[in-house]
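> This is the structure I want to talk about, given as structure tokens.
The values are calculated or read from the model by the stated rules, or taken from the named source; none is laboratory data. Here the structure is a predicted model, which is why all the values come from computation and not from measurement. Heads up, the Cβs are rebuilt from the backbone with ideal geometry, glycines too, and the neighbour counts pull from every protein chain shown. Each accessible area value is taken on the protein alone, full model and side chains, heavy atoms only, with ligands, DNA and RNA left out. Shrake-Rupley method; radii C 1.70, N 1.55, O 1.52, S 1.80 Å.
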Amino acid sequence: MAISKIQKRFYQKMQKTTQREIVLAAPQDIPVTADKTRIAQVITNLVSNALKYAQGEGQIRIKIYRRSTTAYFFIENPHPPLSQETLDKVFDTFYRADTARDRSGTGLGLSIVKSIITLHRGKCQVQNTKTGVEFSFQIPF
């Protein structure tokens, strides 16, 4: 299975359903040994969250690349910086950063992402950037 091919298919669907610009940088097909359905679920959750929580002007930026025997996936959306507490807990089950503002969702999406990636011997991360928030995962292939 090629992770970049899954993302490209998803990217084409998302471009049709949003007004926000999505920029995809996936210069090569990256074959990984993984459950295609579960990795597609991870990508769906991350891209959907990026679109849902994007604020202000700016693009959703997706970058996929490989280094040695690891595949890397990054998605950044325009958003004010998250607090350190939120960065530390965002992948926890039922954690929601701002329950007063948004009543939709259960707080399960990112914990599911982390579980799937962990089962694939990978890891998830989140960090503030100059222009937003970036979620990422890496899995070996």
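> Within the stretch 38-88, restricting attention to residues that are of a type in the set (Lys, Arg) and crowded, with 18+ Cβ neighbours inside 10 Å, which residue is farthest from the chain's Cα centre (by Cα)?
Ranking the qualifying residues of the stretch 38-88, first place goes to ARG66.
> Out of all the residues in the stretch 70-90, which are touching a residue at least 24 places away in the same chain (Cβ under 8 Å) and part of a loop (DSSP other than H, G, I, E, B)?
HIS79, PRO80, PRO81, LEU82, VAL90 - these are the residues of the stretch 70-90 that are touching a residue at least 24 places away in the same chain (Cβ under 8 Å) and part of a loop (DSSP other than H, G, I, E, B).
> Could you please find all residues in the stretch 132-141 being open to solvent by 30 Å² or more (accessible area, probe 1.4 Å) and touching a His at 6+ places or on another chain (Cβ under 9 Å)?
Selection gives PRO140 alone.
> Out of curiosity, is VAL126 at pLDDT 95 or above and part of a strand (DSSP E or B)?
yes
> Oh, and also: Looking at the stretch 21-37, which of the residues that are within 16 Å of VAL113 (Cβ to Cβ) and not in a loop (DSSP other than H, G, I, E, B) is least open to solvent (accessible area, probe 1.4 Å)?
Top of the filtered list is THR37.
> Considering only the stretch 41-69, how many residues are in contact (Cβ under 8 Å) with a residue 60 or more places away in the chain and over 17 Å from ASN128 (Cβ atoms)?
7
> Of all residues in the stretch 81-95, count the ones that are at pLDDT 90 or above and out of contact with any strand residue (DSSP E or B) (no Cβ under 8 Å at 6 or more places or on another chain).
Residues that pass the stated criteria total 7.
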